[in-house]
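Q: First, the structure itself, so that you have it in front of you.
The values are calculated or read from the model by the stated rules, or taken from the named source; none is laboratory data. Everything numeric here is computed off the predicted structure, so don't read it as measured data. A quick note on method: Cβ atoms are made from the backbone with ideal geometry, for glycine too, and the neighbour counts reach across all protein chains shown. These area figures cover heavy atoms from the full protein model, side chains too; ligands, DNA and RNA do not enter into them. Shrake-Rupley method; radii C 1.70, N 1.55, O 1.52, S 1.80 Å.
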Amino acid sequence: MKRVLILGDLPGDGAERLAGRCEVEVHHGEGLGEEGVRRLVPGFHGLLTLLIHPVSERVLAAADRLEVVANCAVGVDNIDLAAAQRHGVIVTNTPDVLTADTADLTWGLILAVLRGIVSGDRYLRRGDFHGWRPKLLLGRSVGSVVLGVVGPGRIGQAVLARAAAFGARTLYHGPSRLPEGRERELETEWCGFEELLAASDVVSLHVPLNDETHHLMDARALRSMKKGSYLVNTARGPLVDEAALAEAVASGHLAGAGLDVFEAEPAVNTRLLELDSVVLLPHIGSATVETRTRMADCCFEDLHTVLVEDGVPARAVVKPVSRGG
Ligand code: GLV
């Protein structure tokens, strides 16, 4: 029987179902780092990883039997895809199933920053609420703002689609334009990156992390954002220079930010922690019972496809040329 290593405690019964067909070992997967993963992988044919697990060239070189890595996330920036290709290892991820929940959480952050939902809660708990006042905690009317979405992929489009319900105007930027019919459906318009930064009251990031997008929002880009606007990031932390963001908010150039992801998770820039107008969440974009169960199920299905059926999953982001399917 082929051997599978599961790095994490996942919802659902996928591990038990796969156990009839493969030898399954579950490791809690925490605090492993590259070296920890490297030490565990020899002898396993399948590996289920979380986004906290680096699957580098060194890990893949040590994985003498590895055929497939099923990454329980849509982002695959924790995996060296070129190295996986060289080592003939299939890599799969979990797109689609988390799109709606991540877009919903993005809107949760947009509403939270525009309407002071979290700072209002803190204000009340501090005992500062002494009655209704006409000027108490005035936010921004959601229907009056321009939302700029950077990265019109699945999640970016789902964020744009929700804007109509709030009456917010939207712009988007990506390397290429969406088909005209889709733009019409989403009631949105393409514009250049700089133009989007200058025109948006809320900029929301939905691009994958790679060499080109690392620190996409650096000090210069943050300065190009409209004065009094907000940055929302539910994609990947290193897209934003966190120290520069803290400075942009502290100086009053930005009115605030909503972040679900951080540059060096689980660490968070200490200046950001002190800013009341910044809403911080612990990377929970896809964290619902339904979605996290579906994500785990996708991974177990893909491990089964490769290791039991000798196939190539439709979700594979790396498909070795040598393998049939
Ligand atoms: C979560 O961040 C994911 O990539 O699925």
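Q: Considering the Cα trace of the chain, what is its radius of gyration and what is Dmax, both in angstroms?
A: For the chain, the Cα radius of gyration and maximum Cα-Cα distance read 21.5, 70 Å.
Q: Then there's this: Taking the Cα centroid of the stretch 146-160 and of the stretch 261-288, what is the distance between the two, rounded to the nearest whole Å?
A: Using only Cα atoms to place each centre, the spacing works out to 21 Å.
Q: May I pose another question? Ranked highest first by average number of other Cβ atoms within 10 Å, how do 48-59, 5-16, 114-125 line up?
A: In descending order of packing, they fall as 48-59, 5-16, 114-125.
Q: Stokes-Einstein diffusion coefficient for the stretch 99-280 at 20 °C in a medium of 1.002 mPa s, Rh from the Kirkwood formula over Cα pairs: what value in µm²/s? Intermediate values should be presented prior to the final figure.
A: Working: Rh = 16.6 Å.
Result for D is 129 µm²/s.
Q: Please give the per residue accessible area of the chain, computed with a probe of 1.4 Å over protein heavy atoms only, in Å².
A: On the way: 15160 Å² over 325 residues.
It amounts to 47 Å² per residue over the chain.
Q: While we're here: Cβ neighbours within 10 Å, averaged per peptide: list 34-40, 175-181 in order, most packed at the top.
A: For the peptides 34-40, 175-181, the packing ranking is 34-40, 175-181.
Q: In nanometres, what is the gap between the two model label sites at ARG3 and ARG223, each 7 Å from Cα along Cα-to-Cβ?
A: Rounded to a tenth, the inter-label distance reads 5.5 nm.
Q: With no solvent and one equal point scatterer placed on each C-alpha of the stretch 219-314, evaluate the Debye formula and give log10 I(q)/I(0) for q = 0.19, 0.20, 0.26 Å⁻¹, two decimals.
A: Result of the Debye calculation: -0.84, -0.90, -1.30.
Q: If you average 1/r across every pair of different Cα atoms in the stretch 36-119 and take the reciprocal, what Kirkwood value do you get, in Å?
A: 14.4
Q: Where both residues lie in the chain, what percent of DSSP beta bridges are antiparallel, nearest 5?
A: In the chain, DSSP labels about 5 percent of beta bridges as antiparallel.
Q: How much length is gained on full extension from GLU195 to ALA267, taking 0.36 nm per residue of separation minus their Cα-Cα distance?
A: Full extension from GLU195 to ALA267 adds 22.7 nm.
Q: Percent of accessible area on the chain owned by carbon and sulfur, 1.4 Å probe?
A: 53
Q: Find the centroid of the Cα atoms in the stretch 14-34 and in the stretch 112-141, then give the distance between the two in whole Å.
A: Cα centres, the stretch 14-34 to the stretch 112-141: 45 Å.
Q: May I ask you to order 201-213, 230-242 by the average number of other C-beta atoms within 10 Å around their residues, highest value first?
A: For the peptides 201-213, 230-242, the packing ranking is 230-242, 201-213.
Q: Just tell me which lysines come within less than 27 Å, Cα to Cα, of LYS135; anything on the same chain fewer than 8 places away is out.
A: Qualifying lysines at Cα under 27 Å: LYS226, LYS227.
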